[in-house]
1. At 7 Å along Cα-to-Cβ for each site, give me the label-to-label distance between Glu200 and Tyr150 in nm.
2. Excluding ligands, DNA and RNA, what is the solvent-accessible area per residue of the chain at a probe of 1.4 Å, expressed in Å²?
3. So what does Arg176 come to for accessible area, using a 1.4 Å probe and Å² rounded to 10?
4. How much accessible surface area, in Å² rounded to 10, belongs to the heavy atoms of Leu37 with a 1.4 Å probe?
5. Just grab the label-to-label distance for Arg6 and Ser181, each label 7 Å out from Cα along the Cβ direction, in nm (one decimal).
6. Can you send over the carbon and sulfur percentage of the accessible area for the chain, probe radius 1.4 Å, protein chains only?
7. With Kirkwood radius over Cα pairs in Å in mind, check [x] 18.5; [y] 17.4; [z] 20.3 and report the label derived from this structure.
8. As an exercise, use a Förster radius of 22 Å and the Cβ-Cβ distance of Glu39 and Asn88 to find the FRET efficiency, rounded to the nearest 0.05.
Amino acid sequence: LGGKARLKGLTVGTFHAICLRLLDPKPILDPSEGLRLMEGILAEQGSPLAPAACLRMISAVKNGRSFREAGLSQALYEAYQAGLLQRNTRDLDDLLLDALALEPEEQTRFTHLLVDEFQDINPVQHRLIRHWSRHGQSLFVIGDPDQSIYGFRGADAQCFGKLKADLPGLETLTLRHNYRSTPAVLQGALGLIRHNPGEERVLEAHRTDDAP
């Protein structure tokens, strides 16, 4: 790729790692401190919820779920956020939300944006991709809706259709040729994924069933 000098011009990392670089320095809430904070809030409000379960609900809200969907009261959420503010800290989900709140001109560093495992993104990450690519020259995402397995943390296989709706001129390249698996394996896979929503699945094997 041209050596270390050119690699310095690339920003590579997870959503959280990239957001951490973009934001002003602020401590990240330690998980044990988060539990202690939530224990105090629940005791104060007389709530029977378990601290760990409540933190998962808060994370679900921050990643795109409604309070009703997450089973969380707005009062608990606001008390938790007030606790973070008092400690001058942020949790991992706040990394994404705070980066999303940055002014658009601060995102112009991303002239070309490539996102891998696109099927695993949640609604907030989808908004970050659109935010970061708005002033760029290109957006390239790679993924497979049939491998979307993180619905429990907000991922949605419909993210491909949503991106196409956002960008009508989007070009889609479908990889049908498989050089790794035998025809029998692909037929077994098709039997499972052909019921998934979307276009008809086509997989073409380039090996024989008796290949080593």
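The values are calculated or read from the model by the stated rules, or taken from the named source; none is laboratory data. Because the structure is a prediction, the values reported are computed rather than measured. When we count neighbours, we look across all protein chains shown, and the Cβ atoms used for this are built from the backbone with ideal geometry, even at glycine. Ligands, DNA and RNA are stripped out before the accessible areas are found, and what is left, the full protein with its side chains, is counted by its heavy atoms. Shrake-Rupley method; radii C 1.70, N 1.55, O 1.52, S 1.80 Å.
1. Once both label points are built, they end up 3.3 nm from each other.
2. Averaged over the residues of the chain, the accessible area is 65 Å².
3. 90 Å²
4. 10 Å²
5. Simple spin-label model gives 3.5 nm for this pair.
6. The C+S portion of the solvent-accessible surface of the chain is 54 percent.
7. Only one listed value fits the structure, namely [z].
8. FRET efficiency, Glu39 to Asn88: 0.65.
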